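Novice: Structure in structure tokens, see below.
The values are calculated or read from the model by the stated rules, or taken from the named source; none is laboratory data. What you see is a predicted model; the values in this text were computed from it and never measured. All Cβ positions, even for glycine, are placed from backbone atoms using ideal geometry, and neighbour counts span all protein chains on display.
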């Protein structure tokens, strides 16, 4: 006799200011990931647009907005653009290592530097060492921390310049959070596009492992800070009719908008924050 499978209990957060679009409220639905079947539950929820944060899976559940769209790259069909090829070439010498999800002082120092330069007003800017350790280590699913280091002549571990917390699912890699050195060493002045390279590396890793997708989280239509996610072709979006490939012409228009120069007013409206990292924790509401 087998034990019955329990359907997860879902909760809804109270409305709060949206971190991506001005004058809007966000709300999330979430459930806990725990027990022997946490991996399977996380995968099933990931296919319908949920994301993981520590021991919680969540997705937007806003009352009057559907701007957040789950997106994933089709890894085996991916063709890098000329800009992406340059990013690969610039950073191809980096030493990439998959590590267990264990937080280190070196990673936290890099994260602090990244947040201070790129997202000083973001939800993660007040994180301390314990907060970071919770983000990395509190995982009930198959996860790793991918490190990107400068090469050294003797093969010893070089300077850490990038990292990404990644979940491995049956149908792909889910990039939970990435960060990198916003001010590379002067000896590596050509070291540009680190953020893009981390995504490109995950696409290559997924394809090499026979995994069809790389999940990038939410693309927010109308948010310049999330526009970079449309630059990877082919891209699939989650619709009411399931996952569908984004129309090539539409994606070309979105890419053109994403790389167009932004005015000072647009920068002021969108702010400097990027990947919002406010923790989502279970409540009793």
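Novice: Test residue 115 against the criterion of being touching a helix residue (DSSP H, G or I) at 6+ places or on another chain (Cβ under 9 Å), within 18 Å of residue 195 (Cβ to Cβ) and either surrounded by fewer than 16 Cβ atoms within 10 Å (Cβ to Cβ) or touching a residue at least 40 places away in the same chain (Cβ under 8 Å) (or both), and give yes or no.
Specialist: So residue 115 fails the test.
Novice: Consider residue 123 against the criteria (1) crowded, with 17+ Cβ neighbours inside 10 Å; (2) within 17 Å of the chain's Cα centre (by Cα): it satisfies all of them except one. Which criterion is unmet?
Specialist: Among (1) crowded, with 17+ Cβ neighbours inside 10 Å; (2) within 17 Å of the chain's Cα centre (by Cα), residue 123 violates only (1).
Novice: Now, a different point. Test residue 63 against the criterion of being in contact with a strand residue (DSSP E or B) (Cβ under 8 Å, 6 or more places away or on another chain) and modelled with pLDDT of 95 or more, and give yes or no.
Specialist: Against the criterion (in contact with a strand residue (DSSP E or B) (Cβ under 8 Å, 6 or more places away or on another chain) and modelled with pLDDT of 95 or more), residue 63 does not qualify.
Novice: Turning to a different aspect of this structure: Could you pull out the residue among 40, 84, 107 that is farther than 30 Å from residue 251 by Cβ and either touching a residue at least 60 places away in the same chain (Cβ under 8 Å) or in contact with a helix residue (DSSP H, G or I) (Cβ under 9 Å, 6 or more places away or on another chain) (or both)?
Specialist: 107
Novice: Can you tell which of 50, 10, 78 is surrounded by fewer than 19 Cβ atoms within 10 Å (Cβ to Cβ), free of Cβ contacts under 8 Å to residues at least 24 places away in the same chain and either out of contact with any helix residue (DSSP H, G or I) (no Cβ under 7 Å at 6 or more places or on another chain) or over 28 Å from residue 140 (Cα atoms) (or both)?
Specialist: 10
Novice: Would you tally the residues in the stretch 82-104 being surrounded by 13 or more Cβ atoms within 10 Å (Cβ to Cβ) and part of a loop (DSSP other than H, G, I, E, B)?
Specialist: Going through the stretch 82-104 one residue at a time, the tally reaches 4.
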